[in-house]
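Undergrad: To start, I am sharing the structure in question, which I have written as structure tokens.
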Amino acid sequence: MSGPRVGLFVTCLVDLFRPTVGFAAVKLLEEAGCTAEVPQAQTCCGQPAWNTGDRKTTQAVAKGVIAAFEGYDYVVAPSGSCAGMLRVHYPELFVADESWKARAEALAAKSWELVGFLVDVLKLERVAADYAGIVTYHDSCSGLRELGVKAQPRALLAGIGGLHLRELADAEVCCGFGGTFCVKYPDISDRMVSNKTKSIVDTGADTLLAGDMGCLMNMAGKLQREGAAVRVRHVAEVLAGMADRPAIGEARDGGEGA
Amino acid sequence: MEGSTSHDFKANATRELANADLRAALSGSDRTFVAGRARVVANLPEFDALRDAAKAIKDHTLANLDHYLEVWERRAREAGGHVHWAKDTAEARAIVLALCKRAGARAVNKGKSMIAEECGINEMLEANGIRPVETDLGEYIIQIRHETPSHIIAPAIHLTKAQVEKSFRETHTGLDPARDLTEPRALLTEAREILRKKYFEAEVGITGANFLVAETGSSIIVTNEGNGDLSQLLPRIHIVLASLEKVVPTLEDASTILRVLARSATGQEFSTYTTLSTGPRRADDLDGPEEYHVVVLDNGRAAMLGGEFHEMLRCIRCGACMNHCPVYQAVGGHAYGWVYPGPMGAVLTPALIGIEHAAPLPNASTFCGRCEQVCPMRIPLPGMMRKWREREFDKGLTPRPARQGLKLWAAFATRPRLYRFVTGLAMGALARLAGRKGRLRRLPLAGGWTRYREFPAPEGRTFQAMWAEKRGRP
């Protein structure tokens, strides 16, 4: 008996900046009984074009993703934002093109955010990992509001030995990343992320977790600029027991800290 | 667009972000509104069902808008009212001015009305030697400070109590300079005393309308200060300013929407005053105006019917979207540069003044989706902001750097093999640049990021490169 065949949509930020999260996702999927595969013909979900209003380019990128992943039972991404793009927005992309619309809808129906997939589809209740520390959790907007990811990460984190979760005030308020928003409106984005880092520091947690690399890089970069001693990790790293590597933006062994 | 600085949103925002008073004022207010709404919504298990019902009423009305406007007009006339149709703001101003002149008005009482703001009624009245007297406390405060509203239901929300106290002392010069105004209550009492005297001086009263009711020909306003009643009952002539999408079929429908309106707006179960006006004073009425006029403004709304922005016409102006918007809460309402701020303004403003005059507004969003989550009328605000971005892109209005960046990105994103090769080299270089520190303090072409944050360096090799090595190609 073999479990479902899952195509991992790595996401561009995990692929380029944080491969650890990709390996953590594979480990979690395999331990839960899935066969995980990673098509090489993937780049990005297309959000930069979609959120700039460039439908044609988005369609071109989306067609590549759809073709690369339609053979799998499920498509899973370690990101609420990219999974939301596949699940919610791909079907909106092809209004006039019936054939691509149908293919987009078929892909959307089997696309999941990683932690939501583990809990809601695979009915996973517990992971075999330990993490000694006080963590706080930021609910990234797309995962939360487009896909309903809220209870699932908390359910799995609750079973991790040594981990103590302290909830963040305004956990559901945007961190100010917003893809290209953070460079198009840097001043506004800075105010938003400053509000967020204040809430994070106020919890007294030593670790910040979330499910999206964009938000994590934004918050990590701000915390480090402020000199705050909070480590920032993707939730999958902790769930997979792979939190022994340097945190996001953290000095590697022997390097000088902030 | 005359009077609008929406095209300068970015500069406006930078200016407002530096405004410490604004920050102090908004930090308290967003908690009040957000917590208030959350509380009353939690207390009403059928709130979501009520939202569906309210949405259905508006959807039905908008699909039959001509019919309900005609029925409303007929009933309003039967009740002795006068109906004026204004296709744009110039026509609305001309109608109001003619009515004021005929009444020999030297002063006009004004209840809160965003349509009056859209039409520039105050400026027009002043230019014609007629004194507008704002009777809503917030509107009064910004009037004496020569400002515009920064929020559609809380016009002076951008001000701290200390700023209001200062303005009162500077304006109300006849009062004891040593008086104690430290308590908000004292400010309210002082404003009331000043305003009460003025209520009796005006020949004309102007109010907005939350609803026009087809069934009865009535208009409805909701207030929390009761000022609307005084502004419309005491003068000889009452002019209602309404936009055409305010019509609903029945009183029952209005009451359904009122239940979601107050909860979404201020966290109240119902507004303190709900005032229905049906025609002028009748023979046996105790009070009321001699004449009752309604000016119905189109100004671009009819053109939205059936189009991509049709659903925006469901908006009931509760302000929940801006109360919950992290961008609005950071920059305040004035940054948006025209009458309607926040997410609803980011969708409505381009429709009314043109995307070429308001392109930054629908772009100034992270698409966090909180506005849509709380909108009582379930308006897909982020989706419509994206539609504006599409229009902007299709018209070639998207700024050049964004277009060129996108083109370059697309060249790689659609060629996975090339993408893997180039990104592999780039990430390696970035990781080496950061060294053991794991992050970068400065990075060429990423000044918007590194001005405020460190840039977390990539781990080194890409996932795809390592995966191919480990597992081979699938």
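All of the numbers you see were taken from the coordinates with simple rules; none came from a lab. Just so you know, these numbers come straight off a predicted model, no measurement behind them. Cβ sites come from the backbone with ideal geometry, for glycine too, and all protein chains shown count toward neighbours.
Undergrad: Using only alpha carbons, build the gyration tensor for region A:125-239 and give me the equivalent ellipsoid semi-axes, biggest first, whole Å.
TA: 24, 16, 11
Undergrad: Of all GluC sites (Glu not before Pro) in region B:1-88, which ones are in loop regions per DSSP and have a Cβ with at most 15 other Cβ atoms within 10 Å?
TA: Filter output for region B:1-88: B:Glu2, B:Glu46.
Undergrad: While we're on this one: What angle, in degrees between 0 and 90 and rounded to the nearest 10, separates the Cα long axis of helix B:89-102 from the longest principal axis of the Cα atoms of chain B?
TA: 20
Undergrad: Residue by residue through region B:451-464, which ³J(HN,Hα) values in whole Hz follow from phi under the Karplus form 6.51 cos²θ - 1.76 cosθ + 1.60 (θ = phi - 60°), with glycine and proline marked x?
TA: Each residue's phi maps through the Karplus curve to give 4, 10, 9, 6, 9, x, 6, x, 5, x, 7, 7, 4, 4 Hz.
Undergrad: Same structure, new question: What residues qualify as long-range amide H neighbours of A:Arg231, i.e. H under 5 Å apart, gap of 5 or more or another chain, H built at 1.01 Å from N?
TA: Here the answer is A:Thr207, A:Leu208, since their amide H atoms fall under 5 Å of that of A:Arg231.
Undergrad: To continue, here is another question. Nothing charged except the Cβ atoms of Lys and Arg (+1) and of Asp and Glu (-1): what's the magnitude of the dipole of region B:256-295 about its Cα centre? Round to the nearest 20 debye.
TA: 320
Undergrad: Hey, got the dipole for region B:401-471? About the Cα centre, +1 on K and R Cβ, -1 on D and E Cβ, debye to the nearest 20? Could you put the intermediate results ahead of the total?
TA: Numbers: 16 positive and 3 negative charges, 15 e Å.
Using Cβ point charges on Lys, Arg, Asp and Glu, region B:401-471 gives about 80 debye.
Undergrad: Convert 4 °C to kelvin, take the viscosity as 1.567 mPa s, use the Kirkwood radius over C-alpha pairs of the protein assembly as shown as Rh, and evaluate the Stokes-Einstein diffusion coefficient in µm²/s, rounded to a whole number. Intermediate values should be presented prior to the final figure.
TA: Details: Rh = 27.7 Å.
The estimated diffusion coefficient comes to 47 µm²/s.
Undergrad: From the square roots a ≥ b ≥ c of the eigenvalues of the alpha-carbon gyration tensor of region B:303-434, which class results: rounded (a/c under 1.5), prolate (a/b over b/c), or oblate? Mind dumping the intermediate values first?
TA: Details: a/c = 2.44, a/b = 1.95, b/c = 1.25.
Taking the square roots of the gyration eigenvalues as a ≥ b ≥ c, region B:303-434 is prolate.
Undergrad: Under 17 Å from the Cα of B:Lys87, which lysines turn up, not counting those fewer than eight places away in the same chain?
TA: Of all the lysines, those that pass the test against B:Lys87 - Cα under 17 Å, at least 8 places apart if same chain - are B:Lys246.
Undergrad: Hey, got the average number of other protein chain Cβ atoms within 10 angstrom for residues in A:238-247?
TA: What the average comes to for A:238-247 is 1.
Undergrad: When the C-alpha atoms of region B:401-471 are aligned to their principal axes, what extent does each axis show, in angstrom, from largest down?
TA: Sorted largest first, the three principal extents are 38, 35, 13 Å.
Undergrad: Now, a different point. Against the longest principal axis of chain A, how steep is helix A:55-69, in degrees 0 to 90 to the nearest 10, with axes from Cα atoms?
TA: Result, in degrees: 90.
Undergrad: Given the C-alpha centroids of region B:341-393 and region A:1-48, what is the distance between them in whole angstrom?
TA: Spelled out, the Cα-based centre of one part sits 33 Å from the other.
Undergrad: Please flag any cysteine in chain B that has no other cysteine's Cβ under 4.7 angstrom from its own Cβ.
TA: So, B:Cys100, B:Cys119, B:Cys315, B:Cys318, B:Cys325, B:Cys375.
Undergrad: What residues qualify as long-range amide H neighbours of A:Ser79, i.e. H under 5 Å apart, gap of 5 or more or another chain, H built at 1.01 Å from N?
TA: A:Leu114
Undergrad: Test of understanding: ordering B:His238, B:His82, A:His164 by Cβ neighbours within 10 Å, fewest first, what list do you get?
TA: The fewest-first ordering by Cβ neighbours comes to A:His164, B:His82, B:His238.
Undergrad: Could you tell me the distance between the Cα centroids of region A:86-139 and region B:225-271, to the nearest Å?
TA: Here the answer is 43 Å between Cα centres.
Undergrad: Find which of B:Gly288, B:Pro184, A:Val6 sits farthest along the positive direction of the dipole of the protein assembly as shown, computed with +1 on the beta-carbon of Lys and Arg, -1 on that of Asp and Glu, about the Cα centre.
TA: A:Val6
Undergrad: All other residues with a Cβ under 9 Å from the Cβ of A:Ser142 taken together, and with Lys, Arg as +1 and Asp, Glu as -1, what is their net charge?
TA: Value of the local net charge: -2.
Undergrad: Using amide H atoms built in the peptide plane, which far-off residues or other-chain residues are under 5 Å from B:Trp85 H to H?
TA: B:Val296
Undergrad: Work from the charge dipole of the protein assembly as shown (Cβ charges, +1 for Lys and Arg, -1 for Asp and Glu, about the Cα centre) and give the residue of B:Pro376, B:Gly306, A:Val238 farthest towards its positive end.
TA: Farthest towards the positive end: A:Val238.
Undergrad: Could you give each residue of region A:214-220 its phi-based ³J(HN,Hα) in whole Hz, using Karplus coefficients 6.51, -1.76, 1.60 with θ = phi - 60°, and x for Gly or Pro?
TA: With the stated coefficients, region A:214-220 comes to x, 4, 5, 5, 4, 6, 4 Hz.
Undergrad: In what sequence do A:Arg145, B:Arg31 fall when counting other Cβ within 10 Å, fewest first?
TA: Starting with the residue having the fewest Cβ neighbours, the order is B:Arg31, A:Arg145.
Undergrad: Related question: Which value does Rg/Rh take for region B:44-302 over its C-alpha atoms, Rh per Kirkwood? Don't skip to the answer; put the middle values down first.
TA: Details: Rg = 18.6 Å, Rh = 19.1 Å.
Rg/Rh for region B:44-302 comes to 0.98.
Undergrad: Counting only DSSP beta bridges with both residues in the protein assembly as shown, what percent are antiparallel, rounded to the nearest 5?
TA: 20
Undergrad: Within 10 Å of each Cβ in peptide A:221-229, how many partner chain Cβ atoms are there on average? Round it to a whole number, please.
TA: 4
Undergrad: About the Cα centre of chain B, how large is the charge dipole given +1 on each Lys and Arg Cβ and -1 on each Asp and Glu Cβ? Please answer in debye to the nearest 20.
TA: 3380
Undergrad: Assuming a ≥ b ≥ c are the square roots of the Cα gyration tensor eigenvalues, decide whether chain B counts as rounded (a/c under 1.5), prolate (otherwise, with a/b larger than b/c) or oblate.
TA: Taking the square roots of the gyration eigenvalues as a ≥ b ≥ c, chain B is prolate.
Undergrad: For chain A, state the average projected area of the convex hull of the C-alpha atoms over all orientations, rounded to one decimal in nm².
TA: Details: hull surface 54.8 nm².
Computing the convex hull of the Cα atoms and averaging its projections yields 13.7 nm².
Undergrad: Moving on to the next point. Taking θ as phi - 60°, what are the ³J(HN,Hα) couplings along region A:9-23 by the Karplus curve (6.51, -1.76, 1.60), each to the nearest whole Hz, with x for Gly and Pro?
TA: Going residue by residue, I get 8, 5, 6, 5, 5, 5, 4, 7, 9, 9, x, 3, 5, x, 5 Hz, with x marking Gly and Pro.
Undergrad: Keeping to pairs on different chains or 8 or more places apart, tell me how many lysine pairs in chain A have Cα atoms under 18 Å apart.
TA: Lysine pairs satisfying the spacing and distance rule in chain A number 11.
Undergrad: Separate question: Sort A:Lys27, B:Lys87 so the one with the fewest other Cβ atoms within 10 Å of its own Cβ comes first.
TA: On the way: A:Lys27 19, B:Lys87 13.
Ascending Cβ contact count within 10 Å gives the list B:Lys87, A:Lys27.
Undergrad: Per-residue Cβ counts within 10 Å, from other chains only, averaged over B:405-418: what number is that?
TA: So the per-residue partner count for this stretch is 5.
Undergrad: May I pose another question? Name the residue farthest towards the positive end of the dipole of chain B from the options B:Met466, B:Ile194, B:Ala330, assuming +1 on Cβ of Lys and Arg, -1 on Cβ of Asp and Glu, about the Cα centre.
TA: So the residue furthest toward the plus end is B:Met466.
Undergrad: Going by alpha carbons, how many degrees (0 to 90, nearest 10) lie between the helix axis of B:47-63 and the longest principal axis of chain B?
TA: So the inclination is approximately 70 degrees.
Undergrad: For a protection proxy built on the mean count of beta-carbon atoms within 10 angstrom, sort B:180-188, B:126-134 highest first, please.
TA: Top of the packing list down: B:126-134, B:180-188.
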